[in-house]
Amino acid sequence: MKIEEKVLSTIKRFSLLKPNETVLCAVSGGPDSIALLHILKALSKRLKVNLHAAHFNHGLRDSEADEDENFVKSICKELFIPLIVGKENIKKLSGGKNIEAVARKERYSFLQETAKKIKADKIALGHTASDLCETVIFNMTKGSGIKGLRGFLPKRKNIIRPLFEVSREEVENYLKNHNIPFRIDSSNFNIKFSRNLIRLKVIPYLKKINPSLEETILRETQTLRELEEFITETVNSILKNCILTQNTFSIQLENLLPLHSFIKKAVIQEAFLKLTGESLNTKKLSAVINLLKSHKSGSIDLKNSFKAIKTQDVLIIKKEEKQQVHFKIPIVTIPSEIETPSGTFKFENTKDGDFVFPEDELKKGLFIKTREGGEWLSLPFGRKKLKKFLNEKKIPFHLRNRIPLLTTDENEVIWIPGLYKKTYIKESKRKVFVRYEGGIKDFDK
Ligand SMILES: Nc1ncnc2c1ncn2[C@@H]1O[C@H](COP(=O)(O)OP(=O)(O)OP(=O)(O)O)[C@@H](O)[C@H]1O
């Protein structure tokens with residue numbers, strides 16, 4: 001198959017470009033991106049896309065960098081492709097440290113800014129199947145998860161890689177057959193860089209075992225991409241049935257325990273990522289799995305003050321509260337509005353409310369407070385300790401001391417928003433209406 005046809009089929013298979021889109025081709029001047037530029041130019045009419053080019057001069061490798069820039073300028077002029085050039089002194093900017101990483105970061109921001117400026121829908125990079133092969137071997141050698149083993153993607157957000165299924169050999173043959181000139185980056189031959197060592201020394205050896213190494217790795221990564229998609233979809237469907245707020249994640253154990261431990265870890269990892277923007281290492285993930293396996297309740301310190309707490313029937317991931325907030329506020333006058341750390345209580349004589357009680361109760365001395373111990377509830381069949389009541393309602397331990405209670409001076413609980421209301425048998429003329437606006441109502445669910 002001609003290389004143009006192969007690239008066209010990659011573009012279609014992965015929906016890389018749509019008609020009327022503008023694509024910005026990132027051209028270094030090297031063989032891959034020069035081939036990509038020519039191929040996209042040849043396909044642009046059939047694809048009905050507008051083609052632009054961008055080159056970034058890193059100011060490295062002395063005169064070579066300027067020669068690369070001039071070369072790319074001349075090619076684009078020849079092909080009638082509008083070109084945008086960016087320039088930065090990377091050596092100066094990086095202070096001589098991490099030059100490669102700084103260059104890469106600056107190049108990517110230049111490409112994104114340029115795409116924005118010219119309203120390009122996509123940025124095309126010249127990565128080939130041979131680059132994918134090197135990346136995968138490099139990641140495997142260094143150690144990486146599924147993401148590392150599947151390497152880069154044919155499409156990620158607005159970045160596309162149309163040469164994804166083409167080998168470097170095919171690119172070189174195409175350039176040779178069409179007499180297309182390109183620039184050679186002298187640093188590509190320095191085997192002190194691991195990537196070059198893999199390309200120049202390791203891969204030729206591996207190809208003695210499997211001459212179609214690139215094709216094989218391409219197929220393997222396809223399987224890994226599908227596996228990753230499957231895991232993401234499974235995890236997302238599980239997360240849909242969990243409570244995930246800004247600082248807390250909680251999942252019912254009956255939904256979590258039957259899952260395979262691999263999926264359990266993926267769910268916990270994704271939840272943690274959503275809460276903190278960071279990942280957990282495998283040691284911490286395994287510790288949570290062990291906690292889930294044990295028959296007891298308990299907790300584990302995760303990272304950034306976040307904890308995993310296992311109660312009777314939920315797993316909670318939340319930021320550790322440095323100190324417990326206790327409060328006890330008397331209700332002196334009606335109407336009144338009482339602010340507590342968990343929410344606001346409004347007491348009135350006239351309007352409707354979430355809870356209504358006889359005004360006479362005020363004579364007993366009423367308080368809005370958190371649990372101190374010794375509180376009780378008056379139920380039709382007698383008194384019940386608050387502790388027992390909370391146990392029966394399966395209220396998570398971490399919430400028990402934070403739930404606001406409306407109590408009498410004798411420790412009788414008459415209202416717990418969302419959870420309990422005292423029933424008054426006698427109708428009274430003068431009533432008090434209470435409304436509560438606030439948090440910690442997880443137990444409502
Ligand atoms: N100086 C440059 N100007 C414009 N585009 C560039 C430049 N250097 C690289 N690119 C683009 O990036 C692609 C990948 O280049 P290269 O393999 O050298 O970078 P890399 O550092 O390996 O990239 P990555 O880190 O994304 O894998 C090239 O094919 C080209 O499309």
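Give me the percent of accessible area attributable to carbon and sulfur for the stretch 71-137, probe 1.4 angstrom.
Answer for the stretch 71-137: carbon and sulfur cover 53 percent of the accessible area.
Using the alpha-carbon atoms, what tilt in degrees (0 to 90, nearest 10) does helix 63-79 show relative to the longest principal axis of the chain? Roughly 80 degrees between the two axes.
Taken over the stretch 241-319, the convex hull of the Cα atoms encloses 79 Å³ per residue. Between helix 261-276 and the chain there is an angle of about 80 degrees, using the helix long axis and the longest principal axis of the Cα atoms.
Summed over all non-identical Cα pairs, the Kirkwood treatment of the chain gives a radius of 27.5 Å. Taken over the stretch 3-225, the ratio of Cα radius of gyration to 2.2 N^0.38 Å equals 1.00. Restricting to the chain, what percent of DSSP beta bridges are antiparallel, rounded to 5? Here the share of antiparallel DSSP bridges comes out near 75 percent. Around the amide H of Ile331, modelled in the peptide plane, lie the amide H atoms of Leu366, Phe367, Ile368, all under 5 Å away and 5 or more residues distant in sequence or on another chain. Close amide H partners of Cys25, meaning residues 5 or more places away or on another chain with modelled amide H under 5 Å apart, are His52, Ala53, Ala54, Ala124.
For the peptides 118-124, 105-111, 379-385, 9-15, the ranking by packing is 118-124, 105-111, 9-15, 379-385, with the highest mean count of neighbouring Cβ atoms within 10 Å listed first. With θ taken as phi - 60° and the Karplus curve 6.51 cos²θ - 1.76 cosθ + 1.60 applied, the whole-hertz 3J(HN,Hα) list for the stretch 11-19 is 4, 6, 4, 9, 6, 6, 9, 10, x Hz, x standing for glycine and proline. Shape analysis of the stretch 324-393 based on the Cα gyration tensor places the equivalent ellipsoid semi-axes at 23, 17, 12 Å, largest first.
For the stretch 166-178, the Karplus equation 6.51 cos²θ - 1.76 cosθ + 1.60, evaluated at θ = phi - 60°, returns couplings of 10, 8, 4, 4, 5, 5, 4, 4, 4, 5, 5, 4, 9 Hz by residue, with Gly and Pro reported as x.
Kindly provide log₁₀ I(q)/I(0) values, in the same order as q = 0.13, 0.24 Å⁻¹, from the Debye equation applied to equal alpha-carbon scatterers of the stretch 14-103. Taken in order of the listed q values, log10 I(q)/I(0) reads -0.49, -1.14. Per residue, the accessible area of the chain comes to 56 Å², computed with a 1.4 Å probe over protein heavy atoms only. What share of Cα pairs, in percent, lie more than 22 angstrom apart in the stretch 328-444? Of the Cα pairs, 28 percent sit more than 22 Å apart. Working value for the stretch 132-207: equivalent-ellipsoid semi-axes of 23, 19, 12 Å, each the square root of 5 times a Cα gyration tensor eigenvalue, largest first. Of the solvent-accessible surface of the stretch 241-319, computed with a 1.4 Å probe over protein heavy atoms with every protein chain present, carbon and sulfur atoms account for 50 percent. For the chain, averaging the sequence separation of C-alpha pairs within contact (under 8 Å, six or more residues apart) and dividing by the residue count gives a relative contact order of 11 percent. What's the carbon and sulfur percent of the stretch 328-444's accessible surface, probe 1.4 angstrom, rounded to a whole number? The C+S portion of the solvent-accessible surface of the stretch 328-444 is 49 percent. Only lysine pairs 8 or more places apart or on separate chains count here, and in the stretch 241-319 those with Cα atoms under 12 Å apart total 14.
Computed from backbone phi, the HN-Hα couplings of the stretch 377-386 come to 10, 9, 9, x, 9, x, 6, 9, 5, 4 Hz, rounded to whole numbers (Karplus: 6.51 cos²θ - 1.76 cosθ + 1.60, θ = phi - 60°; Gly and Pro given as x).
Kindly provide the helix-only [θ] at 222 nm of the chain, computed as the sum of -39,500 (n - 2.57) over DSSP H runs of four or more divided by all residues, to the nearest 500 deg cm²/dmol?
-12000 deg cm²/dmol
Efficiency by 1/(1 + (r/R0)^6): what FRET value for Glu215 and Asn179, r their Cβ-Cβ distance, R0 = 30 Å, to the nearest 0.05? It comes out at approximately 0.65.
The values are calculated or read from the model by the stated rules, or taken from the named source; none is laboratory data. Computed from a prediction, not measured in an experiment: that's the story for all the values here. Don't worry about glycine lacking a Cβ; one is built from the backbone with ideal geometry, like all the others, and counts go over all protein chains shown. Note: accessible area is taken over every heavy atom of the protein model, side chains too, but ligands, DNA and RNA are not part of it. Shrake-Rupley method; radii C 1.70, N 1.55, O 1.52, S 1.80 Å.
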